[in-house]
Structures are given as C-alpha cells and as structure tokens.
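Peer 1: Let me begin by handing over the structure; questions about it come next.
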Amino acid sequence: METAAIVLISLTLFILVIVLVLLTIIIFKVISQNPNLPLNIGKDSRPKDVARSDFHPEILERITKLKEISKKESDLYCPNHPKEPGEVQCAICDKHFCSSCVKPFKSLYFCKIHLPMVMRNEWEEILKIEASPDAPQNGVSLYDAKKVLFDEKNIPTYIETHYKINVDHNHIETYFVLFSMKPDADQVKKHFE
Ligand SMILES: [Zn+2]
Ligand SMILES: [Zn+2]
C-alpha cells in the first residue's frame, strides 16, 4: 500500500513537472512573437512593422511630399529612353528628351514628333515681348500661355528668343517671339486679347 502511494505521488509530480515545462515553453514563445511586450526589449527593441497610421502626421506629410518629388523626377528622364536623362526640351511639347531624341532646327530643338510638324507647316509670328529685367514676369507669362495653348487647346506654338543690339543705349535687347501655325493664328491671337 505504501509503495502504491509513493508511485502515485511520483507520477503526479512527474506530470506536474511536464505540465510546468510545457507551460514555460508556451509562455516563452508567446512573448518572443510579440514585439510590443516589454520583456522583449533586450533582444530587439525596434518595432518590426509600423503601420501607416502609427506615424506622426507631420512625418506622413513629409512622406507624401517625397513621393510627389520622386514622381516629378521620373519626368526628368527621356520619355522614349527611361534610363537616359532628359537633357533637351522640345520647343513644342516642352518634354525633356535625351540628346538622341531631339534635332536642332532654327534656333531651337524639337522632338521626333514635332520636328516634321515644324518643318512641314507655315508658321506665323503672333506676339513679340521684350524681356526686360524690370519685368521678368512678361517672359514667364508668355511661356505659361504657350503651355495652356498646348495642354488645354491642343494648339502647338513655339517661342524663339531674338536679340537686338541697341546702339543708342549700348545694350542688347532680348525678345521672346511666339509663333503658331498659320491656320491657328487667329485663335492664338484671340487667346492673348
Ligand atoms: Zn515635342
Ligand atoms: Zn531618348
């Protein structure tokens, strides 16, 4: 009878030890899988994946701005050769192409689509604006208008830069001259009225 009691107690103790060991293993696993528990700091205190919403609003704003900048950077590459930097601007579409995608004509450069258009059509001088240092916004607004005409009205124009030596005042005058194709001339003139 005594022996049976000892065996029973030993067995109970043995099972208890096994259960305790198992429990310890389970608890350890749960802790090591959860990085937010303070017990884990010694191992790796950096959070593994921070959700978007966990960022401070100002940091989120910066990330958005950075994304916008990198989007603009992609515009700096040649549309035909995404690995080549866009170095030369087409005078009609204003896109930046690599040097092999543009050809010089008159005093400007044109892309492969717009060079034939410039060569095959008759162009008319629409507007001449003096680029004086006192009113630099004149030139800027002419380039803005050119962009609006092309983007919104689908009317191609180009701007030449002309220089004239003013002998009396001993300085060089700079002019921006806007050209459009003859059939578009009236519409372009109306745009500037
Ligand atoms: Zn072009
Ligand atoms: Zn190219």
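Peer 1: Hey, with R₀ at 45 Å, roughly what FRET efficiency would Tyr143 and His56 work out to, going by the Cβ-Cβ distance, to 0.05?
Peer 2: Numbers: r = 39 Å, r/R0 = 0.87.
Efficiency computed from Cβ-Cβ geometry: 0.70.
Peer 1: Sticking with this structure for a sec: Grab the eigenvalues of the alpha-carbon gyration tensor for the stretch 121-193, scale each by 5, take roots, and send me the semi-axes largest first in whole angstrom. List each step's numbers first, then the result.
Peer 2: On the way: eigenvalues 127, 38, 15 Å².
Working from the Cα gyration tensor, I get semi-axes of 25, 14, 9 Å.
Peer 1: Please list 105-113, 77-85 highest first by mean number of surrounding beta-carbon atoms within 10 Å per residue.
Peer 2: Values: 105-113: 16.7, 77-85: 13.8.
The packing order, highest mean first, is 105-113, 77-85.
Peer 1: Rank these for me by crowding, Asp134, Asp184, Asp75, going from fewest to most other beta carbons within 10 Å.
Peer 2: Details: Asp134 6, Asp184 20, Asp75 10.
Final ranking by Cβ density, sparse to dense: Asp134, Asp75, Asp184.
Peer 1: Taking one equal scatterer on every alpha-carbon of the stretch 54-193, how large is log10 of I(q)/I(0) by Debye at q = 0.08, 0.13, 0.18 1/Å?
Peer 2: For the requested q values the scattering log ratios are -0.31, -0.72, -1.08.
Peer 1: Can I ask one more? Using a Förster radius of 25 Å, what is the FRET efficiency between Glu84 and Val177 based on their Cβ-Cβ separation? Nearest 0.05, please. Can you show the working numbers first?
Peer 2: Numbers: r = 31 Å, r/R0 = 1.23.
Plugging the Cβ-Cβ distance into 1/(1 + (r/R0)^6) gives 0.25.
Peer 1: Quick one: grab Rg to one decimal and Dmax as a whole number for the stretch 78-150, Cα atoms only, in Å.
Peer 2: In Å, with Rg to one decimal and Dmax whole: 14.1, 40.
Peer 1: Further question: Given the Cα-Cα distance of Val167 and Lys128 and 0.36 nm per residue of separation, how much length would full extension add, in nm?
Peer 2: Values: separation 39, 0.36 × 39 = 14.04 nm, distance 2.01 nm.
Contour length minus Cα-Cα distance gives 12.0 nm.
Any read-out appearing in this document is the output of simple, stated calculations on the displayed coordinates, not a laboratory observation. These numbers come from a predicted model, not from an experiment. Reconstructed Cβ throughout: ideal geometry from the backbone, glycine too, with neighbour counts over all protein chains shown.
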